[in-house]
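**Q** Submitted below is the structure of interest, expressed as structure tokens.
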Amino acid sequence: MRQILIHRQEGMSRVAVLEDGRLAEVFAERPEERERAGDIYLGTVMQVVPGLQAAFVDIGLTRNAYLYVDDLLPAHLARQPKDKPAIGELVSEGDRVLVQVKKEPSGTKGARVTTHFTLPGRWVVYMPGADYAAISRKIVSSEEKSRLKRIGEQLRRPGDGLILRTVAEGVPADVLEQDLAGLCEAWQGILEKAATAGPPALLYSDLELIPRLVRDLFTGPADELHVDDPETMKAIEGQLRQSPADWRGRVFVHTEEKPLFATFGIEEELDRLFHRKLWLESGGYLVIDQTEALTVIDVNTGKYTGDTDLEQTAFNTNREAAQLIARLVRLRDLGGMIVVDFIDMEEEEHRDRIFEVLEASVRPDRTRTNIVGWTKLGLFEMTRKKVRPSWEEQMARSCSHCGGTGRIHLLP
């Protein structure tokens, strides 16, 4: 069961997602800091850097966007040249380019952009120029995959591509066709704007936080949606009326005096889960340190001494830590490389079990996560696609006294 809690206050939107009663994801958006991933811009190439095989593009943001050579080549691998051309053969300074933000600006880095465009709908993702049809990997039934593959090939226009999302499972072909038609119409509008606009220009934005999450998350018959703002509720109902799914009886307005997030215990859970040091139920603990390039997680036995031997104590602590780590990575929206220093284990079987636990625990995550495994130094590596700044980067600032180190130096 999934519960989506939506809180609006003074223009700020906060959304919490619970799965089977447990907090799984949190989102926040201020009007002046809306998410830009998915936006499509007409930009100007300001600099071509052969040494990086990249170009820097002015799209109207504070810092120029980064366009790598792979993001200029055709989206379909079969249509790409065998030998990768130099970036200077594809673009020159002063060129007008149509690009889409694939990764938000973060820290000192500008946005990363691509010419491989994707326009998400409720059931279909439209990919102009991709020239293939794909099915969500989370659809298990081979019969349903074949049905959707057949429909996808029938619906897509020659040269264009599409992905049938997980929620397309069981959806009739005419509904999918209608969804795709709306996306094709939106793309045509983008091209028409690009023909007359002067760069830099924003040509397309995905939905704002709340309607986007309603589109992407409120999909199953067991889902519930709770809103504490009547105006937001009206907008959501208007959006849902366009869906053929029966959503009545699953959308609720929160009218109690006690705040929505407090009613579901969200504030307390956030306060506990976003500390640098987190205690496990067994008495062990994690220490999480986040840098611009990677996140390091240290696992310790703490107060847990076990009741058999050191190897079993280490395994029990690591297994519990692995489950919490998968949850925290998703909840904090950590991206990039993640390195875990588990407690040393001698038995290969135990190391394999930790790999399996992490692999199973990250499956519900909608963001692509790759479990790499153990290094020669005994550390555990995993990567997670970074699209936007983490929750901590969005909602916290470095301390003005210690500069984010967590320490006050005693020497003058």
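**Q** To the nearest whole percent, what portion of all C-alpha pairs in region 40-114 is separated by more than 22 angstrom?
**A** Summing the P(r) tail past 22 Å for region 40-114 gives 19 percent.
**Q** In addition: State the answer as a single residue: which of P172, L209, A195 lies farthest towards the positive end of the charge dipole of region 169-313, with beta carbon charges of +1 for Lys and Arg and -1 for Asp and Glu, about the Cα centre.
**A** The residue sitting most towards the positive pole is A195.
**Q** Assigning unit charges at the beta carbon (Lys, Arg +1; Asp, Glu -1) and nothing else, what dipole magnitude in debye, to the nearest 20, does region 40-114 show about its Cα centre?
**A** 240 debye
**Q** What nm distance separates the two modelled labels at V253 and S205, each placed 7 Å from Cα along Cα→Cβ?
**A** Distance between the two pseudo-spin positions: 2.7 nm.
**Q** Please report, largest first and rounded to whole Å, the three semi-axes of the ellipsoid equivalent to region 119-203, where each semi-axis is the square root of five times an eigenvalue of the C-alpha gyration tensor.
**A** 28, 11, 11
**Q** Projected onto the charge dipole of the chain (+1 at Lys/Arg Cβ, -1 at Asp/Glu Cβ, origin at the Cα centre), which of I371, Q3, I236 gives the Cα projection farthest towards the positive end?
**A** Value: I236.
**Q** Moving to a separate point now. Please pull out the direction-averaged projected area of the chain, using the convex hull of its alpha-carbon atoms, in nm² to one decimal place.
**A** For the Cα atoms of the chain, the hull's average projected area reads 26.0 nm².
**Q** Right, something else. Going by a ≥ b ≥ c, the root eigenvalues of the Cα gyration tensor, does region 126-176 fall in the rounded group (a/c under 1.5), the prolate group (a/b larger than b/c) or the oblate group?
**A** Prolate shape, in that a/c is at least 1.5 and a/b is the bigger ratio.
**Q** Still on this structure, I have one more. Could you run the Debye sum over the Cα atoms of region 274-395, one equal point scatterer each and no solvent, and tell me log10 of I(q)/I(0) at q = 0.10, 0.12, 0.14 Å⁻¹, two decimals?
**A** Here the Debye-derived log intensity ratios amount to -0.28, -0.41, -0.56.
**Q** Which lysines does K258 reach when only Cα atoms under 29 Å apart count, and residues fewer than 8 places away in its own chain are ignored?
**A** Straight-distance partners of K258: K234.
**Q** Here is a further query. Using the basic label-point model (7 angstrom from Cα toward the beta carbon), what is the E356 to R368 distance in nanometres?
**A** Each label point is offset 7 Å from its Cα along the Cβ direction, giving 2.7 nm.
**Q** Right, another one. Let me have the 222 nm mean residue ellipticity of the chain computed from DSSP H runs of 4+ only, each contributing -39500 (n - 2.57), with the sum over all residues rounded to the nearest 500.
**A** -8500 deg cm²/dmol
**Q** So how strong a dipole does the chain carry about its Cα centre when Lys and Arg Cβ are +1 and Asp and Glu Cβ are -1, to the nearest 20 debye?
**A** 960 debye
All of the numbers you see were taken from the coordinates with simple rules; none came from a lab. In this text, all values refer to a predicted model and were calculated from it rather than measured experimentally. Neighbour counts run over all protein chains shown; Cβ positions are idealised from the backbone, glycine included.
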